[in-house]
Amino acid sequence: MSAKTDPPRLGDEPLTVACVYRSGGRHYSSRYVEVLRNMVQRNLTLPHRFVCLTDVADVPCERIPLVANWPGFYSKIELYRPGLFKGPVLYFDLDTVIHGNIDELARTAMRSAFGCTSDPKGGHFNSSVVSFTVDCSRVFEEFSQTGAWIQKWHHHVWFTLRRVGLDGLIALGSSYGDQGFTEASLRRHGVPIVHLDAALPGAISVYNYDGGATGEPTGSVCLMMGRPKPHEISAGWVPRHWH
């Protein structure tokens, strides 16, 4: 993959819908995998398989072991491991609430080399929903070569400087963590990035920014950035779909 050569397509196998569950976090459990699987089954009519990349032995779907032992959200970069998928991939964060049909989202994902959501505040690359139809293994390979600065400290520095308005002082990228690294790697290698929320206006909302706390938003996918998480909401529209 290079800036002058289009990355090869993954192949023509049916769509894979994927999630990543790394143990040790405060909020998530295999229950989140089960509920996400159920929501996909109810709202996606296109042929697909549902998989979870995880270090947990027992999950309620097809399991792909995590192998790199990267901390926290950096485990999402294992989605790009060489040879892992042979067809288009649509990824959702575990805390996503799918509350409507996502066939058109899947079709858009399968037409795009790489898709992602955009951050509701900064507009930068956000990895809550990701799709790809081309080989992105260079992202995995490049991250494998990084050290503790990227894997443990970069996102902390980014957050700190961003909050005080000093993030422009050093070249940290437009985002942080797995999403900042992925964006920079893809752009280095000339992979075009489509913002899925811009391609499908109104289809994707953010709970804490688009009124989800007061009523069910329009569209079919709601991102639960920050708190509350879906299991913490006991009344209203979220429990009607999160099961």
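Students often check this: by mean Cβ neighbours within 10 Å, which of 6-14, 110-118, 192-200, 127-135 ranks highest, and how do the rest follow?
Per-residue Cβ counts within 10 Å, averaged per peptide and sorted highest first, yield 127-135, 110-118, 192-200, 6-14.
Take every Cα-Cα pair in the chain and report what % of them are more than 34 Å apart. Provide the component values of the computation, followed by the final result.
Working: 3107 of 29403 pairs.
It works out to 11 percent of all Cα pairs.
Judged by the mean number of other Cβ atoms found within 10 Å, the most tightly packed of the peptides 51-59, 15-23 leads the ranking 15-23, 51-59.
By DSSP, the beta bridges lying fully in the range 1-75 are antiparallel in about 10 percent of cases.
Highest GNM mean-square fluctuation, the chain, Cα pairs closer than 10 Å: which of Gly87, Gly180, Gly211? Residue with maximal mean-square fluctuation among Gly87, Gly180, Gly211: Gly211.
Can you say what percent of the DSSP beta bridges in the chain, counting only those with both residues inside, are antiparallel? Round to 5.
Values: 13 of 33 bridges.
Bridges in the chain are about 40 percent antiparallel.
Considering only Thr182, Thr108, Thr45, the Gaussian network model of the chain with Cα springs below 10 Å gives its largest mean-square fluctuation to Thr45. Looking at the range 6-149, the DSSP beta bridges with both ends there are about 40 percent antiparallel.
As a length-normalised measure over Cα pairs under 8 Å and 6 or more apart, the relative contact order of the range 15-241 settles at 21 percent. Summing +1 for each Lys or Arg and -1 for each Asp or Glu among the other residues whose beta-carbon sits under 10 angstrom from that of Pro65 gives -1.
How big is the C-alpha Rg of the range 31-78 next to the rule-of-thumb value 2.2 N^0.38 Å, as a ratio? Could the numbers behind the result be given before it?
Details: Rg = 12.0 Å, N = 48, 2.2 N^0.38 = 9.6 Å.
Dividing the Cα radius of gyration by 2.2 N^0.38 Å gives 1.25.
Where Lys and Arg each count +1 and Asp and Glu each count -1, what net charge lies around Asn126 among other residues with Cβ under 12 Å from its Cβ? For residues surrounding Asn126, the net value is -3.
Each reported figure results from applying straightforward, stated rules to the coordinates on display, with no laboratory input. Here the structure is a predicted model, which means the values were calculated and not measured. Note that we place each Cβ from the backbone using ideal geometry, even for glycine, and neighbour counts take in every protein chain shown.
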